[in-house]
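Heads up: the structure comes next, in structure tokens.
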Amino acid sequence: MLPEQKLVDLIKKIYSRVDTNIGYPVCQYPNIAGFGEWYAKTGLCDIAINNVGNPFDDEQFILNSTAIEKEVIESFAPLYGVPKGKEWGFVTNSGTDGNMHGIYFGAKKLQKETGMLPIVYISKEAHYSASRICDVQNLETRMIDFDKNGSMDVEDLRKNLVPSRPALIVVAIGSTFMGAVDNLQEINKVLEEVKPVGVYKHVDGALIGGYLPFTKYKDLVNMEKQGFDSIAISGHKFFGVDEPSGLFISTKEVIEAQTAAKVEYLNNDMPLISCSRNGLTPLKFYWIMKYVGFDNLKKEAEALLENTEYLQKRFDELNYPAWHMKYSNTVFFKRPAEWIRKKYALANGFIPFYGGELSHIVVMQHVKKNIIDEFIDDLIKSLEESK
Ligand SMILES: *Cc1c(COP(=O)(O)O)cnc(C)c1O
């Protein structure tokens with residue numbers, strides 16, 4: 001069947017590494033069992049579907065799945081505390097794509113309201129995509145220190161805030177290395193005291209924003225309770241879509257504050273940066289909603305946090321320096337031997353608060369107790385080798 005030995009070799013390599021790939025937050029066994037078969041059987045695999053424009057605009061273009069895309073946003077939005085009827089959003093190409101639009105929409109909304117572009121405030125522990133996006137959009141950026149918990153240092157934010165300019169805050173709900181959460185209540189307090197001329201808050205919830213709504217920490221990503229304007233979540237992380245994808249969830253107020261590009265051949269309504277979007281991805285989100293369901297996602301979320309505690313416990317039994325934030329599925333620890341880092345594709349970090357050189361494991365759905373035990377056995381072996 002396969003045209004080339006190279007592809008055969010590639011598949012072998014992928015299979016041999018899938019279970020021990022535990023350093024990065026990809027759900028290695030997607031939540032869309034049966035989708036591939038359905039896709040082939042219906043013949044949909046022989047047709048290109050392409051989504052362009054605003055999925056909440058009823059003027060539909062041909063051969064798309066924007067009606068399902070809209071339904072996906074309407075179904076997920078309540079998980080993030082968006083009042084019914086106020087939700088707006090779309091299925092993105094990735095978490096980065098969601099951040100790109102959050103920062104873009106925020107900057108444009110603030111510019112419309114105040115006549116000025118904002119200064120963007122980002123924690124140094126936030127994912128690099130936020131500052132890269134500001135670079136691309138040529139926005140003035142201030143990188144804010146983080147504290148021992150990996151959260152934005154609100155005193156440093158206070159020092160940096162410029163009241164005469166609108167403020168766009170990128171809120172990390174799940175920072176890259178430590179899995180830390182910026183404290184929105186504290187940030188809100190500082191904003192109320194300093195009173196910048198305009199405020200927009202975009203949440204980067206790419207990883208943990210996926211499972212938090214299904215846990216007792218759900219309020220952390222609740223728009224009404226925390227007062228943010230938009231949130232980006234990756235689809236291939238917790239939700240278990242099999243390709244880079246994501247959700248951008250916001251409100252009609254945000255989209256109505258945009259000046260849509262007047263593109264005649266797209267019915268004059270083009271609020272998004274990118275033109276084409278994958279028309280298949282909304283169907284995969286829909287599949288997850290209907291055939292996995294939010295009840296099962298809740299079980300998956302609980303299992304993640306339970307396995308995270310288990311990994312932490314195994315480290316603690318060895319007296320091996322390791323930490324995690326209580327709402328996070330990322331455990332970071334003293335950097336182990338190189339062969340371990342290679343075998344488990346561990347990601348590295350450098351955090352002076354915790355002794356400098358560290359690595360981390362992200363406990364996704366496939367990181368079950370057997371993999372954790374295998375990892376700990378290897379760690380013990382490596383510690384004995386180095387004696
Ligand atoms: C993964 C991640 C991103 C990037 O998302 P992609 O879907 O890989 O583009 C951004 N921020 C955080 C916190 C992440 O974990």
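The values are calculated or read from the model by the stated rules, or taken from the named source; none is laboratory data. Small disclaimer: the values here were computed from a predicted structure and weren't measured. In this analysis, Cβ positions are derived from the backbone assuming ideal geometry, glycine residues included, and neighbour counts consider all displayed protein chains. To get the accessible areas, we keep the full protein, side chains included, count just its heavy atoms, and leave off ligands, DNA and RNA. Shrake-Rupley method; radii C 1.70, N 1.55, O 1.52, S 1.80 Å.
Some points to look at:
- In this entry, Val120 passes the filter for residues that are within 16 Å of the ligand (Cβ to nearest atom), more than 21 Å from Ser245 (Cβ to Cβ), outside any helix (DSSP H, G or I) and in contact with a helix residue (DSSP H, G or I) (Cβ under 6 Å, 6 or more places away or on another chain).
- Pairs are defined by a Cβ separation below 7 Å, a sequence spacing of at least 6 or placement on different chains, a first member in the stretch 8-34 that is without any contact (Cβ under 8 Å) to a residue 60 or more places away in the chain, and a second member that is assigned to a loop (DSSP other than H, G, I, E, B) and aliphatic (A, V, I, L, M); the pairs so defined are Val8/Leu2.
- Residue within the stretch 190-202 that is in a helix (DSSP H, G or I) and without any contact (Cβ under 8 Å) to a residue 12 or more places away in the chain present: yes
- Per the conditions (1) part of a helix (DSSP H, G or I); (2) modelled with pLDDT of 95 or more, the sole criterion not satisfied by Ile255 is (2).
- Annotation note: of Ile380, Ile340, Ile361, the sole residue that is open to solvent by less than 10 Å² (accessible area, probe 1.4 Å) and in a helix (DSSP H, G or I) is Ile340.
- Condition check for Lys86: within 23 Å of the chain's Cα centre (by Cα) and under 28 Å from Gly293 (Cβ atoms): yes
- You will find that of Leu220, Leu212, Leu207, the residue that is open to solvent by 20 Å² or more (accessible area, probe 1.4 Å), closer than 22 Å to Glu306 by Cα and more than 11 Å from the ligand (Cβ to nearest atom) is Leu220 and no other.
- Selection from the stretch 29-44 of residues that are surrounded by 19 or more Cβ atoms within 10 Å (Cβ to Cβ) and either assigned to a loop (DSSP other than H, G, I, E, B) or touching a strand residue (DSSP E or B) at 6+ places or on another chain (Cβ under 9 Å) (or both): Pro30, Asn31, Ile32
- Failed condition for Tyr80, given (1) within 16 Å of the ligand (Cβ to nearest atom); (2) open to solvent by 10 Å² or more (accessible area, probe 1.4 Å); (3) of a type outside the set (Val, Ile, Thr): (2)
- The stretch 123-139, subset in contact (Cβ under 8 Å) with a residue 40 or more places away in the chain and open to solvent by 40 Å² or more (accessible area, probe 1.4 Å), residue nearest to the ligand (Cβ to nearest atom): His127
- The single residue among Arg165, Arg158, Arg142 that is in a loop (DSSP other than H, G, I, E, B), at pLDDT 95 or above, away from the ligand (no atom under 16 Å from the Cβ) and charged (D, E, K, R) turns out to be Arg165.
- Hits in the stretch 146-175 (condition: under 20 Å from the mean Cα position of the chain (by Cα) and touching a residue at least 60 places away in the same chain (Cβ under 8 Å)): Asn149, Gly150, Leu168, Val170, Gly174
- Residues being assigned to a helix (DSSP H, G or I) and either crowded, with 22+ Cβ neighbours inside 10 Å or in contact with a helix residue (DSSP H, G or I) (Cβ under 7 Å, 6 or more places away or on another chain) (or both) - total across the stretch 223-235: 4
- Looking only at the stretch 296-337, and only at residues there that are among the hydroxyl-bearing types (Ser, Thr, Tyr) and in a helix (DSSP H, G or I), the one that is least open to solvent (accessible area, probe 1.4 Å): Thr308
- Scanning the stretch 45-77 for residues being in a loop (DSSP other than H, G, I, E, B), among the charged types (D, E, K, R) and surrounded by 15 or more Cβ atoms within 10 Å (Cβ to Cβ) gives a total of 1.
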